[in-house]
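The values are calculated or read from the model by the stated rules, or taken from the named source; none is laboratory data. Just so it is clear, the model here is predicted, and its values are computed rather than measured. Note that we place each Cβ from the backbone using ideal geometry, even for glycine, and neighbour counts take in every protein chain shown. Please note that ligands, DNA and RNA were not included when accessible areas were found on the heavy atoms of the full protein model with its side chains. Shrake-Rupley method; radii C 1.70, N 1.55, O 1.52, S 1.80 Å.
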Amino acid sequence: MAGPRYFISRKHALAWAMGAVLGWTAPVWAQGDEPWKAEIEALRREIRQAAEGKEVDSRFHLAGYASVDYVDPQTGNSSFTGVTFNPIFHYSYKDWLLLDAEIGTQLSSEGETETSLEYMTANLVLNDSMILVAGRFLSPIGMFRRNIHPSWVNKLPSAPIGFDHGQAVPLADVGLQLTGGIALGATRANYAIYTANGPMLELNAAGDEIEEIGTEGQGSDMNDDKVIGGRVGWLPLPRLEVGVSFATGKASGEGALGETGNRDYDVVDVDFSWQVAGFDLRGEYTKTELGESPAAGIDPAEKEWTAWYTQAAYRLPGTNWEAVLRYGGYEPPTGVETRQWTPGINYLFAAHVIAKLAYEFNDTDGVEDDDRLLLQIAYGF
Amino acid sequence: MKTRISSLAPTALGVGALLVTVLAPQALAEQGTPPAGDPARGAKVWADNCSRCHNMRDPREFTDGQWQVIVTHMRLRGGFTGQDARDILAFLQASN
């Protein structure tokens, strides 16, 4: 007698097999489905972004910096101040055009928002050693104004004395500049030569004395006599740079100052920076001269502004702490010289997020000391 | 003398313009496709130069495309040669 026959149709066998497979796999998918899907989607997105970045000719990048200061002067009220936000817009086309613009946004002491166009240049990369710069550019005179002044770059909460607006160093100008780097065997050099509108003389509130030379970058030429200038930097060692700068031209002003004729305007500057044994050392000296007025008029005498500083910074090994010490001096045409010591300590939350605490000791001839405690939070992006 | 130097500005501008228009295209033509960046050399140029002004940024902070724009900007600020810039870019893009 034949034994019992177990008949399973193909349909049933398939259903059984599928059920077994699903029964075995379902718990696995149930546990890992979502993370895997998310990871695959993230990878797809990354691949898409990478492909986009490589396939386009036009690129846009937003950079910039922001900071908030707290200042407690020896005389006067302490304040939260210096609230600044400076976005920098970069647009490049292939590898030979860069548009570069910085908008300065600052909160005034009255609580109003002040904006300014710090610079805006069209930069044409001509070859490996030449870039043509057109527009309003940061003055290539010296090192501080062009490269060091952004709050997340400057290792102290303030600019060196004499290196701020209306003091000894030119800030910006409007014109054409040719700049680049040159390989010189084992050493390297860089240069910038420019011609631009030049500065504008500005009177004090009483209108009887030239108070400063405005160098924010005038959008017109006051005297149809362009300023020419430039800087040459040499790096005899990889982390040592010495630079020499100059500018020469004519300066004049509006209104009554315009009637006194064009006056000679000359700037000389030397700077250095050196990174050695964990230290960052730098310094700069600058002198701006204004010739005497060719015609009798307001404040006709020669004038001179000088400023200098040296600075040492040291990142404590294995920590986020950085110690800084700066010593500088400033002598405006009044002849009243100020010497300034500024020790400071920084904490780097990240390379571009820095808390700075410093104390300025200001010693001005014949004036009561006006020292200041400074605190700044700076962010670069 | 100062007046004389100052009055040379238009001449200097003209000479500069001549140099740019005559020499630059010639240099570009001779250059053709510029040599590719060398990441190994770029690492050294990056380490030696970027910290001369600011704290070093992590290569992973930005994408390849962003680094391309940033390096062009920094070439302008730091006075690098074109080859230096390409080497630095190759290093940053290989490291991010």
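For the range A:153-184, the set of residues classified as open to solvent by 30 Å² or more (accessible area, probe 1.4 Å) and over 23 Å from residue A:303 (Cβ atoms) consists of A:174, A:176, A:182, A:183, A:184, listed by residue number. Of all residues in the range A:97-116, those satisfying the criterion of being touching a residue at least 24 places away in the same chain (Cβ under 8 Å) and surrounded by 15 or more Cβ atoms within 10 Å (Cβ to Cβ) are A:97, A:98, A:99, A:102, A:106, A:107. The condition of being within 7 Å of chain A (Cβ to nearest Cβ), touching a strand residue (DSSP E or B) at 6+ places or on another chain (Cβ under 8 Å), open to solvent by less than 20 Å² (accessible area, probe 1.4 Å) and among the hydroxyl-bearing types (Ser, Thr, Tyr) holds for only one of B:81, B:72, that being B:81.
Restricting A:189, A:205, A:183 to residues that are under 23 Å from residue A:284 (Cα atoms) and more than 18 Å from the chain's Cα centre (by Cα) narrows the list to A:189.
Assess whether residue A:283 counts as being surrounded by 20 or more Cβ atoms within 10 Å (Cβ to Cβ) and within 26 Å of residue A:235 (Cβ to Cβ). If you could, list the steps in order and put the result at the bottom.
Working: surrounded by 20 or more Cβ atoms within 10 Å (Cβ to Cβ): yes; within 26 Å of residue A:235 (Cβ to Cβ): yes.
Yes, satisfied.
Does residue A:248 satisfy being under 25 Å from residue A:159 (Cβ atoms), touching an Asp or Glu at 6+ places or on another chain (Cβ under 6 Å) and of a type outside the set (D, E, K, R)? Taking the combined requirement at face value, the residue satisfies it. Being buried (at least 17 other Cβ atoms within 10 Å of the Cβ), more than 26 Å from residue A:232 (Cβ to Cβ) and within 9 Å of chain B (Cβ to nearest Cβ) is a property that residue A:146 lacks. The residues on offer are A:295, A:307, and the sole one that is among the aliphatic types (A, V, I, L, M) and surrounded by fewer than 21 Cβ atoms within 10 Å (Cβ to Cβ) is A:295. Considering only residues of the range A:321-342 that are open to solvent by 60 Å² or more (accessible area, probe 1.4 Å) and within 24 Å of the chain's Cα centre (by Cα), which is farthest from residue A:266 (Cα to Cα)? So the residue we want is A:321.
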